[in-house]
1. Would you point out which residue out of 110, 126 is closer than 18 Å to residue 18 by Cα and either modelled with pLDDT under 80 or part of a helix (DSSP H, G or I) (or both)?
2. Scan segment 16-35 residue by residue and report those that are surrounded by 21 or more Cβ atoms within 10 Å (Cβ to Cβ) and more than 17 Å from residue 5 (Cα to Cα).
3. Is there a residue in segment 35-44 that is under 15 Å from residue 63 (Cβ atoms) and at pLDDT 85 or above?
4. Going by the conditions given, is residue 47 modelled with pLDDT of 90 or more, under 24 Å from residue 73 (Cβ atoms) and either surrounded by fewer than 16 Cβ atoms within 10 Å (Cβ to Cβ) or over 14 Å from the mean Cα position of the chain (by Cα) (or both)?
5. Got a number for residues in segment 21-70 being under 16 Å from residue 81 (Cα atoms), in a helix (DSSP H, G or I) and touching a strand residue (DSSP E or B) at 6+ places or on another chain (Cβ under 6 Å)?
6. I need every pair where a residue in segment 50-64 that is on the phi > 0 side of the Ramachandran plot has its Cβ under 8 Å from the Cβ of a residue that is outside any strand (DSSP E or B) and surrounded by 13 or more Cβ atoms within 10 Å (Cβ to Cβ), sequence separation at least 6 or different chains.
């Protein structure tokens, strides 16, 4: 696949989940430099993914405004692409087996996290 996104830098959240790790792999395959993040409980997998795809990561909880502030202070926000895969699975379980209220709460958490990232960075980037 050629998405014509080479030489870009992507932030991938929730990178230790299946979709997140595949996004890191796919973006690296497309010539993108992936930088990824996940929560502290995932540090062993973060190290494994970093070694496997030769890219950097940060342990960070982007689900809180404090976590986003800390991330921006530590890493900055020089990214061309944001791929937000965090927040649906993990501790809260399989979304296919969740109650409607549980899934709604999980999706609200995802939206809140994206909102924090966009608010803190002041960037909304849409590309072709």
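The values are calculated or read from the model by the stated rules, or taken from the named source; none is laboratory data. Bear in mind that the values here come from a model prediction, so they are computed numbers and not experimental data. All Cβ positions, even for glycine, are placed from backbone atoms using ideal geometry, and neighbour counts span all protein chains on display.
1. Numbers: 126 fails: closer than 18 Å to residue 18 by Cα.
Just one listed residue meets the conditions, 110.
2. 16, 20, 21
3. Quick first cut of segment 35-44, residues under 15 Å from residue 63 (Cβ atoms) only: 37-42.
Still in the running and at pLDDT 85 or above: 37-38.
Looking for residues that are under 15 Å from residue 63 (Cβ atoms) and at pLDDT 85 or above, one finds at least one in segment 35-44, hence yes.
4. Values: modelled with pLDDT of 90 or more: yes; under 24 Å from residue 73 (Cβ atoms): yes; either surrounded by fewer than 16 Cβ atoms within 10 Å (Cβ to Cβ) or over 14 Å from the mean Cα position of the chain (by Cα) (or both): yes.
Yes.
5. Residues flagged as under 16 Å from residue 81 (Cα atoms), in a helix (DSSP H, G or I) and touching a strand residue (DSSP E or B) at 6+ places or on another chain (Cβ under 6 Å) within segment 21-70 amount to 4.
6. Matching pairs, first to second residue: 54/28.
Here is a yes/no grid of residues against (1) under 26 Å from residue 25 (Cβ atoms); (2) buried (at least 16 other Cβ atoms within 10 Å of the Cβ); (3) within 15 Å of the chain's Cα centre (by Cα); (4) at pLDDT 80 or above:
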{"residue": "64", "(1), (2), (3), (4)": "no, no, yes, no"}
{"residue": "71", "(1), (2), (3), (4)": "yes, yes, yes, yes"}
{"residue": "75", "(1), (2), (3), (4)": "yes, yes, yes, yes"}
{"residue": "93", "(1), (2), (3), (4)": "yes, no, no, no"}
{"residue": "96", "(1), (2), (3), (4)": "yes, no, no, no"}
